[in-house]
Each structure stands twice: as structure tokens, then as C-alpha cells.
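Notes follow the structure.
The values are calculated or read from the model by the stated rules, or taken from the named source; none is laboratory data. For clarity, every value in this text was computed on a predicted model and none was experimentally measured. Cβ coordinates were reconstructed from backbone atoms using ideal geometry, including for glycine residues, and neighbour counts include every protein chain displayed. When the accessible area is computed, the model is the full protein with side chains, heavy atoms only, and any ligands, DNA or RNA have been set aside. Shrake-Rupley method; radii C 1.70, N 1.55, O 1.52, S 1.80 Å.
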2 protein chains.
Amino acid sequence: VAAPLLIAVDVMSGDHGPRVCVPAALAALSSDPRPTLALCGEPAHIEAALAGVAAALRARVRIVPASQVVAMDEPPREAIRRKKDSSMRRAIDLVAAGEAAACVSAGNTGALMAMAHFVLGMIAGIERPAILSAIPAEGGHTLMLDLGANNDASAEQLRQFALMGSVVARDVHGIQRPRIAVLNIGEEDIKGHARVQDAHRLLLAAGLNYLGFIEGDGIFTGVADVVVTDGFTGNVALKTMEGLARMIGGALRDEFTRTPLRRLAALAALPALGALKARLDPRRYNGASMVGLAGIVVKSHGGADETAFANAVRTGIVEAAQGVPARIRAQLVAQAA
Amino acid sequence: VAAPLLIAVDVMSGDHGPRVCVPAALAALSSDPRPTLALCGEPAHIEAALAGVAAALRARVRIVPASQVVAMDEPPREAIRRKKDSSMRRAIDLVAAGEAAACVSAGNTGALMAMAHFVLGMIAGIERPAILSAIPAEGGHTLMLDLGANNDASAEQLRQFALMGSVVARDVHGIQRPRIAVLNIGEEDIKGHARVQDAHRLLLAAGLNYLGFIEGDGIFTGVADVVVTDGFTGNVALKTMEGLARMIGGALRDEFTRTPLRRLAALAALPALGALKARLDPRRYNGASMVGLAGIVVKSHGGADETAFANAVRTGIVEAAQGVPARIRAQLVAQAA
């Protein structure tokens, strides 16, 4: 019998709160027989959202009361100091206490990162946490980190990010020898600033399946399984993708509604357009991992709907089932040996 | 009578050479009565590409012989040292001599930048050149720099980029008070690393129409006319856009050709899909400016086709007609006063 897999879910944060987060968490729960859930937040709201849920599913859910919510614009320091009974903090505390195997929140990224860092601490040997997410790519997806946990990264930190990304690719995504690349402004060895240059040298000797540098367009070609970059560049790249995808989506809608004839053509094109939308649906990729922390913390988009938030909870479940922090520790030990 | 507007075009570089560059340059020439062209390269090849051109147009073209071509992978230093009779060098030399008002090349970016920097030098008061280009955005386009001339940028250099972007937006794109923003990983004043923080403070006092920080998605919303960033981040963002757009284009093609019925639907959808394609066509935005140099240098994509290369030549023409380097000098003087 496997250990109980309790996932702590902050259901009060994000744009929609328990009305969306509770049914989303239940959807993730019902698609996997292993986990149980601790829904953290205002009991009355959670009970209301749980009304009518089948008994067998309900039996796998407990409510962890929390009287506060961390605001989306709350400064991280304030959240740590003043929101000790928040849904976010309760979820993290359950992980720290060893009761929950992972926590999931759609709250304020800065506050979640700071609070989790403060409460859980780091894996020994990892200097900084990084935000890791899957990005759609040809024939599947590419894992990318850091997507904005940090303003910058030293060469040694980039090496650590590569190691963590490699572990997640192998143990969560089932890729035997994950191909690692460092994002740069050219593929030649001599390109880029000192930090990527030094990271390149470190990674050539790191015992990983390291390919070398790729440029931004390489994120989408499937040439690498893990793309490593500093949090500034990674966050700009991620937001740039989101902005461009939104603009193209808008332009597509525009062009297919411009005239009655075009609206008719859109009907005929619906299967193809629907398939395209499904393929690039950002909700499929919702749920970024804050790797490097001594516990699993998954961050959902604040605006996540039910489908999206359910995927973030699923990310928490698979990372918990694999015990990602322990796997990272083991890899660090193996590397050092 | 206005001064003669001679544009020096390196027709030997890029993936296609004179076969594409010569007709493209002629297309740009025929759409504007003002300029004349100096086509730099192998005379026999250029003559062949000019065969059959109408006499009136032919009279506005002269051939500047060059026996060498800078290779696409040639190290910049080697290009400067050994390719003194290259089409690229001849085009730049014409600008340095004051004969041409601008030069245009589809060659190796690093070599073009290094050679132009070496031959033309910088505008006094500008420390580093930057690559500036228009990026498609809601309702038009956004100008963005630096797209990869440098590995990094100091706060003061970011301020200089903002000033140059503002001049190009105003004098080339006709925007009265260009709205300037600095790319960052959050919009709040406290976000980002020391370089963007310091640039923010400098720009608040720079006498420009400075909005503050924007995130990557803000590039596409039309909220700013000029987006300023360092060459590393800018190049990654640009390549990320190119890669994502290519992937979405490929997925669209895939989905509309998957079944006979979908291919039929694609026919009905052709006007909408064609309009979308035209709207986002990267060829419309071909022609990046290397601003900060003491002369106008326009870099075309290496793979540019006729439509794309013609647009790069047109960029050279409008920048030459406006005398961008002189305008930047004037702005620096006005700022200092």
C-alpha cells in the first residue's frame, strides 16, 4: 500500500476563489484514485461548493479552516507577517508539517514564493527556487525554468536549474535522458554574456544530457526537453508568448467575424479552429512548479478557470506521487559522488 | 531641390543574393520617386539581374563593384580584417564617405554590426548601438530595442536606447509624443533587477514621455510606442515570437489539411486566413535599424524574399529621408540644454 497522497489546495486565492477552485480540485481528484485533498479556506464557502458531491468523493476531502486570504497585490513580506491564518499559509504549513505531499495555489506569485520559501526552506545544495512550467512545442511540450522566481541567476544557479529541470523531465514526464539547453542569443559557444558563458562551461561538466545553447525559437521546435534561463529572461519570454498568442487569437476571431460570409466560413472551419484552439490551449499547461523548495508548491494562473485549475492540481498530484524534492536531493548526491 | 538620396544596397549577402536582392531593391525604388540606388556586389551578377529593367528606373541605379562576400557564419573580426572589398563593406563605406544616406544588407548580423561600428563609429553621446525593429501589435506596431546588438545594457545605455527609440517613433513613424516603456517582470516600480530599476529612475527624469514598466505581453497591446530592453532579453523575446508564430502557423496548416472535409473548409476560410496571414506577415516588418551608429544601417533577415527585402530597403529610404542620426544628435543636444 502506497503512502497516503494528501494534496493541500488553497481554494480562496486567484480571481475566482472556491466557486471555481473547489469543483476543479474535485475534478482532478476524481480522475486519479490515489490522492486525498485538504481544501484550505473559509469552511462555509467550501461546504457550499461541496454540496451535492458524491459521498465516495466527499470522503476523500477534508476542510482545513483558514480565516484570511492573501490579496493578489499584497506585498510578500506583509503576507508572511500578517497572513498566518490565510488559505495559502495553511496549505503551505500542511506541506511543512509533512501531512500534505504538495500544495497548490492560484494566489499572488510573489507572496506564494516568499511564503513557501520562508516556511519550507530550500533543498540543501540548491541556492534559489525557480518557476518551472511546460510550454507547448512541436510534438508535445518543452519544460522551461526559471519563469520569474528571480530577477537574475548566476552561472551556478543556472546549473542547478538545469539539474532540477532534468529531474522533473525524467521523473514526472518520463523522459529517459532529458536534453538540456541554455537559452542564449546565438547557438555558438562564444555567444552571450558572462553568466550564460560560465553556465555553459559548468553544464558541459555536469553529467547531464546537455546540448548547449538554443535561441528563443528553439523553445518550440522540440529540440530540447528542458530550456534553462534566468528568471528575468524567462518571465519576459513567457509573457511575450502569452501576449502574442492572445493577439493572434484576437486577429483570428476578428478575421472570421468581419463579414457575414466570413462568419459562414468560420462555421465550416469550426472543427479545424477548435482543434487548433485545443492544441494551444494555455489551460492545458496551467500549473507551474516552484522547484528547489524543500516541498512541492504548484502555482496556478490567478485567472484559471475550472479546467485550468484542475490541471494545476493534477501537476501537484504527479509531482507528489514522484516525490520530486527527494528525487532532486538524490540527483544532487549522485552528482557529488 | 532636396539632396540626392542615395541608398547603398549590399545585394550579395543573405540566403538568396542578387537574384532576390536586386529586384527587391528595384521594387522599393519604383515605389518612391526620391531615392537612387548603389547596388554593391559582383557586377556580372547584378547586370544579369538588371536585364530588361525599364530605362527610367535603370537610370536611377548604379553598380558599385565588390569582389568579396561576407559569409553568414564569418566571425565579425575576420570580416573587418579580410573583407575590405566585400559588398557589405562597400555599402558601409559609401555611407562613411557621405555619398550614400543609408545602407541595407541581409548579411550576417554580427559582421554587419561590427563592420558598421568600426567604419562609421558612434553618434557622440551614445555608448552602444542597438537593433531596433517594428513588432506587430494591436492596431499597428510597437518599436522595440535592443533586439540583440549587445549582450547586456547598463541603466544609462537603456536611457540612451529610449531616447533613440523616441526619435525614430517621432520622426520616422510620425508619432507626436511617443510613449516609452521599459520591459520588466512586473509593472510595479519595485520590480526587476538593478539595471531596470536604475534605468527607471533615469527615465523618469529624462524629458521623454515615459510610462514606466511593462511586461512581455504589453509589447502587443499597443500600450507603448517604444519598448526598451537590453539586447539579451530583446533578442530572446524576438526569437521567441518568431518561434511561436511559426508553430501556430504550422498548427493552423496541420489542422486545415488533416481531412478532405477540413481542406474544403480551408477553401471557404481562405479569405479570413489570408487576411490573418497578411496582418501578421513578418515580411512587413523586415528591416531592423542599427541605431546609435553615425550613419544609417538597415539589417534585413538573411532569408528575406523579394517582398521582405524591399521593405528593408524602404526602411533605409525613410530613415535616410528623415536623417535619423542627425535627429538623434539634435535630441541629445536638446536634452543636454
Scanning the range B:107-148 residue by residue, those in contact with a Leu (Cβ under 7 Å, 6 or more places away or on another chain) and part of a helix (DSSP H, G or I) turn out to be B:A116, B:H117, B:L120
Scan the range A:272-282 and tell me whether some residue there is surrounded by fewer than 23 Cβ atoms within 10 Å (Cβ to Cβ) and in contact with a Gly (Cβ under 7 Å, 6 or more places away or on another chain). no
Going through the range A:77-106 in order, the residues found to be open to solvent by 20 Å² or more (accessible area, probe 1.4 Å) and assigned to a loop (DSSP other than H, G, I, E, B) are A:K83, A:K84, A:D85, A:A97, A:G98, A:E99, A:A101
Of (1) surrounded by fewer than 20 Cβ atoms within 10 Å (Cβ to Cβ); (2) outside any strand (DSSP E or B), B:A269 fails just (1)
Provide a single number: the residues in the range A:169-225 that are of a type in the set (F, W, Y) and touching a Gly at 6+ places or on another chain (Cβ under 9 Å). 2
Consider A:E127 against the criteria (1) at pLDDT below 95; (2) open to solvent by 40 Å² or more (accessible area, probe 1.4 Å): it satisfies all of them except one. Which criterion is unmet? (1)
For the range B:179-200, pairs from a residue that is closer than 14 Å to B:Q157 by Cα to a residue that is modelled with pLDDT under 95, with Cβ under 7 Å and 6 or more apart or across chains, are B:H200/B:D189
Looking only at the range B:283-315, which residues are within 14 Å of chain A (Cβ to nearest Cβ), part of a helix (DSSP H, G or I) and surrounded by fewer than 18 Cβ atoms within 10 Å (Cβ to Cβ)? B:R284
Any chance A:R62 is surrounded by fewer than 22 Cβ atoms within 10 Å (Cβ to Cβ), in a strand (DSSP E or B) and either more than 24 Å from the chain's Cα centre (by Cα) or modelled with pLDDT of 95 or more (or both): yes
Against the conditions (1) at pLDDT 90 or above; (2) farther than 23 Å from B:A24 by Cβ; (3) facing chain A (nearest Cβ under 7 Å), where does B:L276 fall short? Just the number, please. (1)
Note down all Cβ pairs under 6 Å where the first residue falls in the range B:75-87 and is among the aliphatic types (A, V, I, L, M), the second is at pLDDT 95 or above and open to solvent by 50 Å² or more (accessible area, probe 1.4 Å), and they're at least six residues apart or on different chains. B:I80/B:F118
Long-range neighbours under 6 Å by Cβ, at least six apart or interchain, first residue farther than 17 Å from A:G234 by Cβ within the range A:111-132, second among the charged types (D, E, K, R) and assigned to a loop (DSSP other than H, G, I, E, B): A:A111/A:E74
Residue tally, condition open to solvent by less than 30 Å² (accessible area, probe 1.4 Å) and more than 23 Å from B:V227 (Cβ to Cβ), over the range B:115-124: 4
Residue count, the range A:18-59 (criterion: free of Cβ contacts under 8 Å to residues at least 60 places away in the same chain and either surrounded by fewer than 20 Cβ atoms within 10 Å (Cβ to Cβ) or of a type in the set (D, E, K, R) (or both)): 20
Scan the range B:137-151 residue by residue and report those that are surrounded by fewer than 22 Cβ atoms within 10 Å (Cβ to Cβ) and at the interface with another protein chain (Cβ under 9 Å from one of its Cβ atoms). B:E138, B:N151
